[in-house]
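The values are calculated or read from the model by the stated rules, or taken from the named source; none is laboratory data. Treat the numbers as computed from the prediction; the structure is a model and nothing was measured. Here Cβ is always computed from backbone atoms with ideal geometry, including for glycine, and neighbour counts include all displayed protein chains. Side chains included, ligands, DNA and RNA excluded: accessible areas come from the protein's heavy atoms. Shrake-Rupley method; radii C 1.70, N 1.55, O 1.52, S 1.80 Å.
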Amino acid sequence: ANNFILNNSAITGGGIYSNAQNTIISNNIIASNKATNAGGGIATKSTISTISNNSIIGNSSFWDGGGTYCATSELYYINNEISGNASEYYGGGISISNGTNNIIKNTFSNNYARRKGGAIKSSYGTNTIKDNVIANNTVEIDGGGLHLLAGLNSVVNNVIYNNSAEMDGDGIYLSFIF
């Protein structure tokens, strides 16, 4: 907690990488980090991850999650500022795979992904996306704000505005939802 994590690079998790049983990342400034694979700012493959009250700004990745990449069993992503992050493929702000994911009271702004999910891209998870501001995010293909692929998704009480997708779903793109 209370760290400045700046200008680092790695294959996965440019700023922070964790595959611990339980991970708590809170009250940090995580900025200008780079991953050549996934998780420019943060990458976690933990059983339970709590990521809260961080500023995740100006990070980049080639593949997944310019700001954050999570492949966890249970994620709590709460009250973060996620801004100005970029991914060449998926999830400019955050990319999530599988698990039970709680994305609550965050601000996602000015993030970019080339393919899917300017702010948030999730695949095959059970997601609660609630009380977030998702604004001014951009993607070249689908889901300027959100790209949700399969899974069980609850998207409630968010402010989603001024996002842009060159193809489909400026605000939200849903695919194969069950």
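What is the Cα centroid distance between the range 14-38 and the range 72-103, reported in whole angstrom?
When both Cα centres are located, 11 Å separates them.
Just reorder THR126, THR36, THR68 by solvent-accessible area, largest first, 1.4 Å probe, all chains present.
THR36, THR126, THR68
Of [x] 74; [y] 210; [z] 122, which is the value of volume of the Cα convex hull per residue in Å³ derived from the coordinates here?
Computing volume of the Cα convex hull per residue in Å³ and matching it to [x] 74; [y] 210; [z] 122 gives [x].
In whole percent, what relative contact order does the range 84-178 give with Cα contacts below 8 Å and a gap of six or more residues?
26
When the dipole is taken about the Cα centre of the range 55-178, and only Lys, Arg (+1) and Asp, Glu (-1) are charged at their Cβ, what size is it in debye, to the nearest 20?
160
May I ask you to give the percent of accessible area on the chain that is carbon plus sulfur, with a probe radius of 1.4 Å?
Here it works out to 49 percent.
Taking the dipole about the Cα centre of the chain, with the C-beta of Lys and Arg at +1 and of Asp and Glu at -1, give me whichever of TYR69, ILE120, GLY84 is farthest to the positive side.
Selected residue: TYR69.
Counting only heavy atoms of the protein chains, get the accessible area per residue of the range 25-95 (1.4 Å probe) and round it to a whole Å² value.
For the range 25-95, the per-residue accessible area is 28 Å².
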